[in-house]
Ligand SMILES: NC(=O)c1ccc[n+]([C@@H]2O[C@H](COP(=O)([O-])OP(=O)(O)OC[C@H]3O[C@@H](n4cnc5c(N)ncnc54)[C@H](OP(=O)(O)O)[C@@H]3O)[C@@H](O)[C@H]2O)c1
């Protein structure tokens, strides 16, 4: 199963809203074939593995291992259960069941109905952790949501003046830019858009990352009363689409330099869950909410945050200003990036339901 998880990771950044899945075929305690889901629309891991083997292959004594339950429905590709049954594979080991309530357990049932021995719940926490964004989207039917902020040593994310306060150092900025390149969208409240004039792009120096990931996510501004400045000078500093969530107009156009500009009308009395579901329906699998204070506090109060990230400067005190949100006490990761302390907390997903 660990090998499956490593193989699955190869699909990262290419599978879109699909899960990361790896698969191995074992005979006499040896791995004799490997496969993984390499990209959206491409074969699933089990099919990738099996279609590489000769038609004459004898599967007696073989076990197919896969980190996610084989699918039993037609999507972009035929059901994986079909090919497993047709190859007469005697045993299948599944890391965790599919979280989609419409399909969960159905793949396993079909395999069992064809006399295949099925073992489920092998390293389920690791399997769910690897696909935590996919599980979250399926369970809550909304985008995966990361709340991120930078805070001073004494716990402020901004000052009361009209000037932008730079809190993070170079290393933390680099870390943030990699993070930005890994999400589908970056959202800020209108006051932050106006005061900080953030570019909301990814400027990555790491050459390893640059080749595959240096791209700009969709910029989203939360502006219920349409107070922001969306002139070409403000939008066209960066080349990436911009969506303005507002309470007044619905309109799609091109900016002077060709950026896609979408004004999306929010329903009256919208709530965060609804907003994130709307983003998910628009193919936004993950969204990074970067502030400011009001936006973060309202989002956290809604219970829709799946991951918290804080960069806390260890050497900057400002004595007052906009207070940082409370960070969960039981954060799982802590790391010093130059003079900034990075802390990460991922909201646990129970594996009990998926075994
Ligand atoms: N250190 C950091 O990481 C960081 C990051 C970003 C920003 N900041 C700082 O934060 C400050 C700005 O924060 P802020 O609190 O003034 O503004 P903000 O969160 O950027 O924007 C707040 C506005 O967005 C709209 N909004 C946000 N959440 C909403 C909700 N749930 N429902 C309805 N409307 C919502 C409202 O617009 P309407 O008033 O029109 O309804 C609200 O006034 C700046 O000083 C900036 O420098 C710091």
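Structural remarks
- Of all residues in region 36-82, those satisfying the criterion of being over 25 Å from residue 113 (Cα atoms) and buried (at least 21 other Cβ atoms within 10 Å of the Cβ) are 36, 37.
- Of all positions in region 147-167, none carries a residue that is touching a helix residue (DSSP H, G or I) at 6+ places or on another chain (Cβ under 9 Å) and away from the ligand (no atom under 11 Å from the Cβ).
- Qualifying residue in region 236-250 (condition: modelled with pLDDT of 95 or more, surrounded by fewer than 18 Cβ atoms within 10 Å (Cβ to Cβ) and over 20 Å from residue 194 (Cα atoms)): yes
- Single match in 296, 322, 275 (criterion: in contact with a helix residue (DSSP H, G or I) (Cβ under 8 Å, 6 or more places away or on another chain), in the same structural domain as residue 166 (by TED's automatic domain parsing) and within 11 Å of the ligand (Cβ to nearest atom)): 322
Let's see how each residue does on (1) within 18 Å of residue 285 (Cα to Cα); (2) surrounded by 15 or more Cβ atoms within 10 Å (Cβ to Cβ); (3) more than 10 Å from the ligand (Cβ to nearest atom); (4) in contact (Cβ under 8 Å) with a residue 24 or more places away in the chain:
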{"residue": "121", "(1), (2), (3), (4)": "no, yes, yes, yes"}
{"residue": "127", "(1), (2), (3), (4)": "no, yes, yes, yes"}
{"residue": "133", "(1), (2), (3), (4)": "yes, yes, yes, yes"}
{"residue": "145", "(1), (2), (3), (4)": "yes, yes, yes, yes"}
{"residue": "173", "(1), (2), (3), (4)": "no, yes, yes, no"}
{"residue": "183", "(1), (2), (3), (4)": "yes, yes, yes, yes"}
{"residue": "191", "(1), (2), (3), (4)": "no, yes, no, yes"}
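- Single residue of 287, 305, 261 found to be at pLDDT 95 or above, over 28 Å from residue 132 (Cβ atoms), surrounded by 12 or more Cβ atoms within 10 Å (Cβ to Cβ) and in contact with a helix residue (DSSP H, G or I) (Cβ under 9 Å, 6 or more places away or on another chain): 261
- Hits in region 251-295 (condition: part of a helix (DSSP H, G or I), closer than 30 Å to residue 159 by Cα and in contact with a strand residue (DSSP E or B) (Cβ under 9 Å, 6 or more places away or on another chain)): 272, 275, 276, 293, 294, 295
The values are calculated or read from the model by the stated rules, or taken from the named source; none is laboratory data. Here the structure is a predicted model, which is why all the values come from computation and not from measurement. Quick reminder, even Gly has a Cβ in these numbers, built from the backbone with ideal geometry, and neighbours come from all protein chains shown.
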